[in-house]
Amino acid sequence: MSETSLEFNELATEHSPMLYRYAYWLSRNKADAEDLVQETLLRAWKNLSSLREPAAVKGWLIIILRRENARRFSRKQHEIIDVPLEILADPDSENPRDEQVAELRKAIGLLPENYREPLAMQVIMGMTLDEIGEALDLPQNTVATRCARARKQLHGYFEREQNNSGASL
């Protein structure tokens, strides 16, 4: 195995879990997320020579993944099925934490895409505002504003939910 192959294997091993989490967040489907990661890594392997700054590999991979996700829609039209987000939670779960996670996912799913995506990149993937800005081709201030507004909307959502549940008691 060549040195480049070994370096790429290390890169893929290190970043695949993060790429999968983001791909799943974008696609909301395990199989599509796996396909997106595979296509991303394939494209990254083919274009490894275009990576000028090894420290920027995370952002570079995210950009590739986002483009692969866009290509997915240009290649074929997926049937869209409206599935209530509550189904994502385990209905037999006795753990209140599971209900909280399901409610948070539901609330995040209600955010506009331009708020949801940077928030997911920051919270789920641990990306910095600079990295998110580079991946989304946005100024850092815009990313910061969108993340703050997303959090504010989530806070408002949970305040309304709390008031509604308190009113019914």
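Can you list the helices (runs of 4 or more DSSP H) lying wholly within region 78-169 that have 2 or more residues being aromatic (Phe, Trp, Tyr) and either loosely packed, with under 14 Cβ neighbours inside 10 Å or at pLDDT 90 or above (or both)? Lay out the reasoning, then the answer.
Details: elements: 96-110, 113-123, 129-136, 140-167.
Fully inside region 78-169 and qualifying: nothing.
Filter region 15-65 down to residues that are among the basic types (Lys, Arg), farther than 20 Å from ARG105 by Cβ and in a helix (DSSP H, G or I), then give me how many there are. It would help to see each step written out before you state the result.
Step one: list which residues in region 15-65 are among the basic types (Lys, Arg), which gives 21, 28, 30, 43, 46, 52, 58.
When the remaining residues are screened for being farther than 20 Å from ARG105 by Cβ, the result is 43, 46, 52, 58.
Retained after the next criterion (residues that are in a helix (DSSP H, G or I)): 43, 46, 58.
Count: 3.
The values are calculated or read from the model by the stated rules, or taken from the named source; none is laboratory data. Bear in mind the structure is a predicted one, so any value in this text is a computation, not a measurement. Quick reminder, even Gly has a Cβ in these numbers, built from the backbone with ideal geometry, and neighbours come from all protein chains shown.
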